[in-house]
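One structure below.
The values are calculated or read from the model by the stated rules, or taken from the named source; none is laboratory data. Quick caveat: nothing in here was measured; it's all calculated off a predicted structure. Heads up, the Cβs are rebuilt from the backbone with ideal geometry, glycines too, and the neighbour counts pull from every protein chain shown.
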Ligand code: GLN
């Protein structure tokens, strides 16, 4: 089945004309058709435009015309990333009729690379969640076990990649939303350094935390995809003007003598089967010549608390623009302007965005700002410093991606705090703005477990290489 191809394989076979983009796209679309009733990984499937684009690429290739770097490869895009003329809902009712007039920069880059966009993937509403259950469009199921969640908030992207409903996908990560679903679905997820990838046209959740990144079948695929989407964008002043390395060409270097830190705080109180599994994976890396050292990140324990002040504060500001006037859902039964605002927001947002808007508005309000938001910003600096200190001693950190195995649908929906705790190992990385990747380790009870590799700022190459070496040398369980 062509839909099973990795991004790397698809590029080679398309370039050599061994396969056509039309056949590859049809294979992906038929996976979608067969599996979507079970999985619900997509909010929108754009079959017709995808096939037209695929045929166009095939014709260009046949004529020997120049084509883009990923020409003819099907891709799925998380539905919080703007796609011109294609419904973009952010998983919310309030954007249920929103057709963007412009492309996000990452969408533009995918189009310039001549990918075939097959659709928009399901997600927690405005990327708020760890299970893809808060979507207005119903939950996505985990392809590995349909009674379990795929993780979130990029659960649709991770499920689509795991189920061969696309060749690769884009997700966004504010506190773990690329890495945690990648871990739950047994695929690779990379959150780049803050500023590495443009956020232009990506609906903001927590602007100081959000990053776009790839979800893929292999580490090499993540490297290839990052090369395409990374880089300075003059439309995003937080994107940084630094050369984009050829990530995919720099894989497979020896890790002999590299130092891996195991932060003790990340191994406390987690499922012992996961701990054991990650220790086994670390042994693999040690047998490739890496040195393993125990380290401590004392401020990590405050990271989740800091996140749940800073993120909702930014959410309350970022979501203020959805007012039922400019675009999106507008309540029909409103009598005046104020009622339009109130009713559109009351009916347009689900419980999770509302909860966060309220927490954020409170934390930012006069009298509380200093006690909460300002304090959280100070502790944020300390969490960041922890990493800076530890990276003087080690090259990368290895941790579990998630403290728990993929949980059952409905299991944590009534207890937001339990849901928030699912991100305890991923959130600190966003607080510090550094890169991290989740790569499948061995399984526990037939369920995927992700190993997280965290690196210093701008050192995506290091974590990709470490993940690649592990992937290539992994024992089959
Ligand atoms: N699950 C986390 C939250 O609910 C992270 C979400 C994300 O990374 N977008 O905030």
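Of all residues in the stretch 236-280, which are within 23 Å of the chain's Cα centre (by Cα), surrounded by fewer than 13 Cβ atoms within 10 Å (Cβ to Cβ) and farther than 15 Å from residue 464 by Cβ?
237, 241, 243 - these are the residues of the stretch 236-280 that are within 23 Å of the chain's Cα centre (by Cα), surrounded by fewer than 13 Cβ atoms within 10 Å (Cβ to Cβ) and farther than 15 Å from residue 464 by Cβ.
Could you tell me whether any residue of the stretch 338-351 is crowded, with 18+ Cβ neighbours inside 10 Å, under 24 Å from the mean Cα position of the chain (by Cα) and closer than 20 Å to residue 421 by Cβ?
Within the stretch 338-351 (the criterion being crowded, with 18+ Cβ neighbours inside 10 Å, under 24 Å from the mean Cα position of the chain (by Cα) and closer than 20 Å to residue 421 by Cβ), the answer is no, since none of the residues qualifies.
Can you spot a residue in the stretch 192-201 that is at negative phi, more than 14 Å from the ligand (Cβ to nearest atom), in contact (Cβ under 8 Å) with a residue 12 or more places away in the chain and out of contact with any strand residue (DSSP E or B) (no Cβ under 6 Å at 6 or more places or on another chain)?
Scanning the stretch 192-201 turns up at least one residue that is at negative phi, more than 14 Å from the ligand (Cβ to nearest atom), in contact (Cβ under 8 Å) with a residue 12 or more places away in the chain and out of contact with any strand residue (DSSP E or B) (no Cβ under 6 Å at 6 or more places or on another chain).
Given the conditions (1) farther than 24 Å from residue 144 by Cα; (2) surrounded by fewer than 19 Cβ atoms within 10 Å (Cβ to Cβ); (3) out of contact with any strand residue (DSSP E or B) (no Cβ under 8 Å at 6 or more places or on another chain), report the number of the one that residue 30 does not fulfil.
If we test residue 30 against (1) farther than 24 Å from residue 144 by Cα; (2) surrounded by fewer than 19 Cβ atoms within 10 Å (Cβ to Cβ); (3) out of contact with any strand residue (DSSP E or B) (no Cβ under 8 Å at 6 or more places or on another chain), just (1) comes out false.
So residue 61 ticks every box in (1) in contact with a strand residue (DSSP E or B) (Cβ under 9 Å, 6 or more places away or on another chain); (2) not in a loop (DSSP other than H, G, I, E, B) but one. Which box is left unticked?
Of (1) in contact with a strand residue (DSSP E or B) (Cβ under 9 Å, 6 or more places away or on another chain); (2) not in a loop (DSSP other than H, G, I, E, B), only one is false for residue 61: (1).
Is there a residue being within 21 Å of residue 82 (Cα to Cα), touching a residue at least 24 places away in the same chain (Cβ under 8 Å) and more than 16 Å from the ligand (Cβ to nearest atom) anywhere in the stretch 246-258? Before you say what the answer is, go through the steps one by one.
First, the residues of the stretch 246-258 that are within 21 Å of residue 82 (Cα to Cα): none.
Taking every residue of the stretch 246-258 in turn, none turns out to be within 21 Å of residue 82 (Cα to Cα), touching a residue at least 24 places away in the same chain (Cβ under 8 Å) and more than 16 Å from the ligand (Cβ to nearest atom).
Taking the stretch 431-446 as the search range and keeping residues that are within 14 Å of the ligand (Cβ to nearest atom) and within 15 Å of the chain's Cα centre (by Cα), which one is surrounded by the most Cβ atoms within 10 Å (Cβ to Cβ)?
Taking the stretch 431-446 as the starting set, the residues that turn out to be within 14 Å of the ligand (Cβ to nearest atom) are 431, 433, 436, 438.
Going one step further and asking which of them are within 15 Å of the chain's Cα centre (by Cα), we end up with 433, 436, 438.
Numbers: 433: 18, 436: 31, 438: 35.
The residue in question is 438.
Give me a count of the residues in the stretch 409-438 that are part of a helix (DSSP H, G or I) and closer than 21 Å to residue 384 by Cα.
Of the residues in that region, 8 qualify.
Please determine, by comparing only the residues of the stretch 126-162 that are surrounded by fewer than 24 Cβ atoms within 10 Å (Cβ to Cβ) and farther than 16 Å from residue 450 by Cβ, which one is nearest to the ligand (Cβ to nearest atom).
It comes out as 133.
Could you grab the pairs with beta carbons closer than 6 Å, sequence gap of 6+ or different chains, first residue in the stretch 58-80 and more than 23 Å from residue 6 (Cα to Cα), second one at pLDDT 95 or above and assigned to a strand (DSSP E or B)?
Taking only residues 6 or more apart or on different chains, the pairs are 80/172.
Take the residues of the stretch 107-125 that are within 11 Å of the ligand (Cβ to nearest atom) and in a loop (DSSP other than H, G, I, E, B): which is farthest from residue 355 (Cα to Cα)? Don't jump to the end; show me each part of the working.
Within the stretch 107-125, the first condition is being within 11 Å of the ligand (Cβ to nearest atom), and the residues that meet it are 123-125.
Pick out the ones that are also in a loop (DSSP other than H, G, I, E, B) and you get 123-124.
Values: 123: 18, 124: 14 Å.
Per the criteria, the residue is 123.
Hey, any hits in the stretch 225-237 for a residue that's over 27 Å from residue 408 (Cα atoms), within 16 Å of the ligand (Cβ to nearest atom), in contact (Cβ under 8 Å) with a residue 60 or more places away in the chain and out of contact with any strand residue (DSSP E or B) (no Cβ under 9 Å at 6 or more places or on another chain)? Steps first, answer last, please.
Our first condition is that a residue be over 27 Å from residue 408 (Cα atoms); within the stretch 225-237, this holds for 225-237.
This time we only want the ones that are within 16 Å of the ligand (Cβ to nearest atom), so: none.
No, that holds for no residue.
Closer than 19 Å to residue 215 by Cβ, touching a helix residue (DSSP H, G or I) at 6+ places or on another chain (Cβ under 8 Å), touching a residue at least 12 places away in the same chain (Cβ under 8 Å) and within 16 Å of the ligand (Cβ to nearest atom): which single residue out of 428, 416, 406 fits that description? Let's see the steps before the verdict.
Working: 428 fails: closer than 19 Å to residue 215 by Cβ; 416 fails: closer than 19 Å to residue 215 by Cβ.
None of the others qualify; the one that does is 406.
Are any of the residues in the stretch 312-325 over 30 Å from residue 343 (Cβ atoms), under 26 Å from the mean Cα position of the chain (by Cα) and at pLDDT 95 or above? Let's see the steps before the verdict.
As a first pass, look at the stretch 312-325 and keep what is over 30 Å from residue 343 (Cβ atoms): none.
Taking every residue of the stretch 312-325 in turn, none turns out to be over 30 Å from residue 343 (Cβ atoms), under 26 Å from the mean Cα position of the chain (by Cα) and at pLDDT 95 or above.
Determine, yes or no, whether residue 56 is more than 30 Å from residue 128 (Cβ to Cβ) and surrounded by 19 or more Cβ atoms within 10 Å (Cβ to Cβ).
Numbers: more than 30 Å from residue 128 (Cβ to Cβ): yes; surrounded by 19 or more Cβ atoms within 10 Å (Cβ to Cβ): no.
Here the answer is no, as residue 56 does not meet what is asked.
Quick one: residue 429 ticks every box in (1) at pLDDT below 95; (2) in contact with a strand residue (DSSP E or B) (Cβ under 8 Å, 6 or more places away or on another chain) except a single one, so which number is it?
Here residue 429 meets the rest and fails (1).
Please go through the stretch 65-101 and give me each residue that is surrounded by fewer than 19 Cβ atoms within 10 Å (Cβ to Cβ) and touching a strand residue (DSSP E or B) at 6+ places or on another chain (Cβ under 9 Å), ordered by number.
Scanning the stretch 65-101 gives 86, 87, 99.
Being within 15 Å of the ligand (Cβ to nearest atom), modelled with pLDDT of 95 or more, part of a helix (DSSP H, G or I) and more than 21 Å from the chain's Cα centre (by Cα) narrows it down to one of 376, 381, so name that one.
Values: 381 fails: within 15 Å of the ligand (Cβ to nearest atom).
Among 376, 381, only 376 is within 15 Å of the ligand (Cβ to nearest atom), modelled with pLDDT of 95 or more, part of a helix (DSSP H, G or I) and more than 21 Å from the chain's Cα centre (by Cα).
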